[in-house]
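One structure is given below, encoded as structure tokens.
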Amino acid sequence: MSAIIIRQGLVVGAHASSVADVLIVDGKIVEVGTVDDAPSDAHEVDARDCWVGPGFVDLHAHLREPGREAAETIESGARAGALGGYCALVAMPNTEPALDSVALVAYVLERGLRTPLDIAVAGAITKDRRGESLAPMAEMAALGVRLFTDDGVGVQDPSVMRRALTYAKPLGVRLAQHCEDEQLAAGGTMNEGVLSGRLGLVGRPALAEELMVLRDIELVRLTGSPLHFLHLSTSRSLEMVVRARDEGLPVSFEVAPHHFTLDESACATYDPVFKVHPPLRSRGDVEALVEALRRGVVDAVATDHAPHAPELKDLAFDEAPAGMLGLEHAASLTFEALGPSPDPQTFFQVLSRGPARIAQLRRDDERVRHSAHGGAMVVGTDANVTVFDPAGRWSVDRHALASRSMNTPYDGRALVGRVSATIAKGRLVVDEGRLT
Amino acid sequence: MIESIRGRSLLSLDDLSKEAIVEVLDTAESFVEVNRRSIKKVPALKGRVVASLFFEESTRTRLSFETAAKRLSADVLSLAVASSSVKKGESLRDTIATIDALGIDAVVLRHRSSGAAMQVSRYVPHVRVINGGDGQHQHPTQGLLDAFTIRQVLSEQRGTTGLESGSELFHGLKILIVGDIRHSRVARSDVAAYATLGAEVRICAPGTLLPDGVATWPVTVVHDVDEALAWADVVGLLRLQSERGSGAFVASLDEFTFTHGLTVERARLLKSEALIMHPGPMNRGVEIDSRVVDSSQAIVERQVSNGVPIRMAVLYLSVAGSREGQAQ
């Protein structure tokens, strides 16, 4: 079919890295080492001084289809993802209507097959994400759905959440929670603190997140059902979940790039591009997240890519919807956050292997026709590979993004580290930083 | 720190220097005189266009701004906009762009969302934006007219003039602000103005109506209303803003009156020369008793009438003035 030869990159395996060539034929890695006998028609990717590792997996992408195609489609989201080095995206269910039925899940999966990436679906935990009655998780699981969440909001009622965990456990799926107690968050629009008081904006307290984290850790202890914590943003949330994980509870968590690169001070301009839930937190929280990333205790970096049509971000701060773009710059921001001499192992752990494990992306499910992700870069595995240039430099230009929306908080920001090639399902989708 | 509002937008009092504030107060003094003439008009802004854009209902502020602009001979474009731009289906940016396309020099903006004035100043950087009150953030002209009124009344009592007083009489002046600080843009502007001018500011409110991070404000939080009233040279009351949801922050309006209302009994604790202020509109019988409003110590009407000269001063400095070193 097709062959790609990635030359002389630092191949980042599961436990060690070494400079090698990687030969890909017909969607599989067929050789790692010094490749002398590549097919003559093989496409050459020069990866000198680059990192070559398993393609990134995003656990948290709002692809907006169906319902808000003006902001993003599965197709445009996939292009944005490919440019960001992603080979698989988990589409969040807060679409219109919400992904809470077999028909809607099938629709998104089918759309996803038309893109070069693997598009997985996170189904809703409750019908219409209202937090009241359970969505048909078993039916959706039978279609290959492995993650369920009401993201956008958390499941507020503890008895509903307990029931959902208990119901999900035998299905072999994992629930994921957007932790914020909406009553305590009280319709707030930024982090609660000195700044919100001065700006006259209603605050969303850190405690609104931490209380639900605490509650859900105890519900996991009670039910034994696995739970993934979405976009943890405070130092104490992190502490609690890491401790629970160390105790052996089946919990995992992700952090989002905006939470470890931006703090609440950005809101002082009242630019709604900085409005997000959970909100940008204090300097101390940002430092705690960065520290956790560097120590390698973070399970996954996830984008919470949340496109919004421009006119919605031209409203007043409290009227504008929450959320910001993430797919195209997450890898560079993660690379920068990892410090002056970032460890490639950690980098691919948080962007690929960790999230792939949580999303349970594998190829043994015929119905979804997904490939396997987060692999060890060894012969015989599916060819989902990202080539990342640690010395690459680029600037974010909101008008030049593949996303249909422009609501990036990093417009104009110069970044170090760049995705130079993305090979998804054996196909070269991005080469030299551009879509092929 | 902004040293003068000449040629600039006025969005907040937080970042104004003492000199900038005094400049506005001094400028307003000359406009007080204009307002006493039989022909209350000067040609300072002749040919300039001031748009008055109120996204939130307001009678007095709007009237006061438009009167001020007209007395400066500006053309006034007055636009009543639906209270929510979302409901209207038009973004804030589009509304502003439409007004801007008509050709304007300044816009006076009132909006129920905090930060709207700053956003607008970003959308139309060539237009001077005067914040006429944004959500729970700032109401700078109210803060300025409150400071102006205090200076005016105290100067009169001392047999001098506001101009001669400068900022001197604020040094060590004991100002108490009572009531719903949390939801009040007036309180934020008042605190900034008073503290910058050198006053000693205390605030007193039910715990739920104190703002987040109040410990970092240039004020002392006190809990004993009676003691604070006896201490104060000036008492500023605030509207209990039940329309902003502060009703749920206290048990009842009645209880608020019981704990923090300026009742006739409490008013007796005041020093005889202490001044009582309220930005209006008042909830008579809630934060202030009707009989107290009508007492000689209350200077609420002076506040209202000073609204025009202060807004004339702000418009004049902002629109006619040019920043230092810049061509007009």
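No lab work stands behind these numbers, since they all come straight from the coordinates. In this text the structure is predicted, and so the values were computed from the model without any measurement. Glycine gets a Cβ as well: all are built from the backbone with ideal geometry, and neighbour counts include every protein chain shown.
Which whole-number value in Å³ per residue fits the convex hull of the alpha carbons of segment A:299-362?
Hull volume over Cα atoms, normalised by residue count, gives 122 Å³.
Computed over the Cα atoms, what is the radius of gyration of chain B divided by 2.2 N^0.38 Å, N being its residue count?
Relative to the rule-of-thumb radius for its length, chain B sits at 0.97.
What FRET efficiency do you get for residue A:207 and residue A:171 if R0 is 35 Å and r is their Cβ-Cβ distance, rounded to the nearest 0.05?
0.60
Which FRET efficiency, nearest 0.05, do residue B:174 and residue B:322 yield, Cβ-Cβ r, R0 41 Å?
Calculated value: 0.60.
Just tell me how shielded A:249-255 is by partners: mean number of partner chain Cβ atoms within 10 Å of each residue's Cβ, no decimals.
Partner Cβ neighbours, averaged per residue: 0.
Please go through segment B:222-290 and write out the GluC sites (Glu not before Pro) that DSSP classes as loop and that have at most 13 other C-beta atoms within 10 Å.
In loop regions of segment B:222-290 (DSSP not H, G, I, E or B), the sparsely surrounded GluC sites (Glu not before Pro) are B:273.
Can you tell me the mean projection area, over all orientations, of the convex hull of the protein assembly as shown's alpha carbons? Units nm², please.
If you wrap the Cα atoms of the protein assembly as shown in a convex hull and average its projections, you get 35.6 nm².
Give me the log10 of I(q) over I(0) for segment A:44-92 at q = 0.13, 0.16, 0.22 Å⁻¹, as the Debye formula computes it from C-alpha points; what are the numbers?
Normalising to I(0) and taking log10 leaves -0.37, -0.51, -0.76.
Who wins for biggest fluctuation among A:60, A:178, A:15 in a Gaussian network model of chain A, springs between alpha carbons below 10 Å?
Judging by the Gaussian network model, the answer is A:15.
Once you average over the residues of A:187-199, how many Cβ atoms of partner chains fall within 10 Å of each Cβ?
Partner-chain Cβ atoms within 10 Å, mean over residues of A:187-199: 5.
Could you work out which residue, out of A:138, A:316, A:359, moves most in a Gaussian network model of chain A, that is, has the largest mean-square fluctuation with Cα springs under 10 Å?
A:316
Can you give the convex hull volume of the alpha carbon atoms of segment A:80-143 per residue, in Å³?
Hull volume over Cα atoms, normalised by residue count, gives 80 Å³.
Take the Cα coordinates of segment B:140-304, assign each an equal point scatterer, and use the Debye formula without solvent to give log10 I(q)/I(0) at q = 0.16 Å⁻¹.
-0.86
Whole Å is fine, so just give me how far the alpha carbon centre of segment B:203-264 lies from that of segment A:125-204.
Segment B:203-264 and segment A:125-204 have Cα centres spaced 37 Å from each other.
Which number do you get for Rg(Cα) / (2.2 N^0.38 Å) in segment A:1-138?
1.33
What's the angle, to the nearest 10 degrees (0 to 90), between helix B:18-36's Cα axis and the longest principal axis of chain B?
80
So for segment A:235-304, considering every pair of alpha-carbon atoms, how many percent are separated by more than 14 Å?
Here the tail beyond 14 Å accounts for 60 percent of pairs.
Given contacts defined as C-alpha pairs under 8 Å and at least six residues apart, what's the relative contact order of chain A, whole-number percent?
After rounding, I find 21 percent.
Over all distinct alpha-carbon pairs, what is the Kirkwood Rh of segment B:109-223 in angstrom?
The Cα-based Kirkwood calculation yields 15.3 Å.
For chain B, take the longest principal axis of its alpha carbons; what is the angle in degrees between that and the long axis of helix B:140-157, to the nearest 10 within 0 to 90?
The two axes meet at around 60 degrees.
Using modelled amide H (1.01 Å from N, peptide plane; none on Pro or chain starts), what sits under 5 Å from the amide H of residue A:323, excluding residues fewer than 5 places away?
Distant-sequence amide H within range of residue A:323: A:275, A:276, A:277.
Ranked by Cβ crowding within 10 angstrom, fewest neighbours first, how are A:394, B:217 ordered?
A:394, B:217
For helix A:235-246, what angle does its Cα long axis make with the longest principal axis of chain A, in degrees from 0 to 90 and rounded to 10?
60
Over segment B:49-128, what is the relative contact order in percent, taking alpha-carbon pairs closer than 8 angstrom and at least six residues apart?
With pairs under 8 Å counted, the relative contact order is 41 percent.
Can you give the alpha-carbon Rg of segment A:160-238 over 2.2 N^0.38 Å, where N counts its residues?
1.27
Would you pull out the residues with amide H under 5 Å of residue A:363's amide H, same chain only if 5 or more places away, H placed 1.01 Å from N?
Under 5 Å from the amide H of residue A:363: A:372.
Just to check, using Stokes-Einstein with a Kirkwood Rh over alpha carbon pairs, what's the diffusion coefficient of chain A at 25 °C and 0.890 mPa s in µm²/s?
Reported coefficient: 114 µm²/s.
I want to check the label-to-label distance for residue B:60 and residue A:414. Put each point 7 Å from Cα in the C-beta direction and report it in nm to one decimal.
5.3
Which whole number gives the average, over all residues in B:106-117, of C-beta atoms from other chains lying within 10 Å of the residue C-beta?
Mean shielding count: 4.
Which of the trypsin sites (Lys or Arg not before Pro) found in segment A:1-82 are in a DSSP loop and have at most 15 neighbouring Cβ atoms, other than their own, within 10 Å?
Filter output for segment A:1-82: A:48.
Just the projected area, averaged over all directions, of the convex hull on the alpha carbon atoms of segment A:283-405: how many nm²?
Directional mean of the projected Cα hull area for segment A:283-405 stands at 10.6 nm².
What FRET efficiency comes out for the pair residue A:357/residue B:98, r = Cβ-Cβ distance, R0 = 41 Å, nearest 0.05?
0.20
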